[in-house]
Ligand code: GLN
């Protein structure tokens, strides 16, 4: 009798331990991609940014509390598919390859890759000029994928910040990174400049596990509500200063 009671208690504890809090939505992000996600707040220990405000709106519309998990960019999809997080809001570009393992919301931001070099660097004018060059990128990013396609020598870092440090130390020829975060770094680093090379547009989406169509529907509904109410425009203005 006592034994079975103990067994029942242990089982119940294990079940609650494994089960997720139904009132919480967990967003996964990599907080080194300003102004979409970055560390800020009074003590610098708060994840802030455009994606985080969108994630808050998604949670609020679902009547849930938002929890933010700050993870490495290239581990986000694994975390999503293992159930550690409920969705990804991390300036993630919608690509065919990623669509094989996750579903994306409707696109919410148009971006492009840009080339950043040191002020004293030689000038490249076409993507083909980058073949054979040493390029620093963020691991697992579209910049990383493109640099490899350009047949360049690729050095990948966990954050764009580290890629820019490598460039400033003249250890690589250039950084290939998303336009808006690159502009944020550029504004703080006058020894760097952006080159005039055009790449095709990319579109950011919020990623959801394939077996969560209901959550995907909720996320799309929130995105369209933010867009039609003008709140999304206000967020863009707030973060794209
Ligand atoms: N947009 C790029 C990608 O999806 C980079 C995103 C990021 O570094 N957060 O790969």
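Couple of notes before you dig in:
- Candidates 69, 97: the one that is out of contact with any strand residue (DSSP E or B) (no Cβ under 9 Å at 6 or more places or on another chain) and within 15 Å of the ligand (Cβ to nearest atom) is 97.
- Members of the range 29-44 that are in a loop (DSSP other than H, G, I, E, B) and away from the ligand (no atom under 14 Å from the Cβ): 41, 42, 43, 44
- Residue match in the range 77-98 (condition: within 30 Å of residue 233 (Cα to Cα), under 14 Å from the mean Cα position of the chain (by Cα) and loosely packed, with under 15 Cβ neighbours inside 10 Å): yes
- Listed conditions (1) free of Cβ contacts under 8 Å to residues at least 60 places away in the same chain; (2) loosely packed, with under 14 Cβ neighbours inside 10 Å are all met by residue 110, apart from (1).
- Count - residues of the range 114-141 that are over 16 Å from residue 192 (Cα atoms) and under 20 Å from the mean Cα position of the chain (by Cα): 4
- Single residue of 26, 47, 78 found to be part of a helix (DSSP H, G or I) and either more than 14 Å from the ligand (Cβ to nearest atom) or farther than 21 Å from residue 220 by Cα (or both): 78
- The residues in the range 146-166 that are more than 16 Å from the ligand (Cβ to nearest atom) and outside any strand (DSSP E or B) can be counted, and the count is 2.
- Taking the criterion of being near the ligand (Cβ under 9 Å from one of its atoms) and assigned to a loop (DSSP other than H, G, I, E, B), no residue of the range 128-138 qualifies.
- Residue-level check: of (1) over 30 Å from residue 62 (Cα atoms); (2) surrounded by 15 or more Cβ atoms within 10 Å (Cβ to Cβ); (3) within 16 Å of the ligand (Cβ to nearest atom), residue 201 misses just (2).
- For residue 64, the criteria (1) within 15 Å of the ligand (Cβ to nearest atom); (2) closer than 30 Å to residue 45 by Cβ hold in every case but one, which is (1).
- Residue 59 surrounded by fewer than 16 Cβ atoms within 10 Å (Cβ to Cβ), away from the ligand (no atom under 16 Å from the Cβ) and in a helix (DSSP H, G or I): no
- Answer residue from the range 168-180, given it is part of a helix (DSSP H, G or I) and within 16 Å of the ligand (Cβ to nearest atom) and is nearest to residue 115 (Cα to Cα) among those: 179
- Within the range 22-41, residues that are without any contact (Cβ under 8 Å) to a residue 12 or more places away in the chain and at negative phi sit with their Cβ atoms under 6 Å from residues that are more than 11 Å from the ligand (Cβ to nearest atom) and in a strand (DSSP E or B), at 6+ positions apart or across chains, in these pairs: 40/46; 40/48.
- For residue 229, the test of being over 21 Å from residue 103 (Cβ atoms) and away from the ligand (no atom under 16 Å from the Cβ) is passed.
- Filter result (part of a helix (DSSP H, G or I) and either modelled with pLDDT under 95 or surrounded by fewer than 19 Cβ atoms within 10 Å (Cβ to Cβ) (or both)) within the range 62-75: 74, 75
The values are calculated or read from the model by the stated rules, or taken from the named source; none is laboratory data. As the structure is a prediction and not an experimental result, all values here were calculated from the model. Glycine gets a Cβ as well: all are built from the backbone with ideal geometry, and neighbour counts include every protein chain shown.
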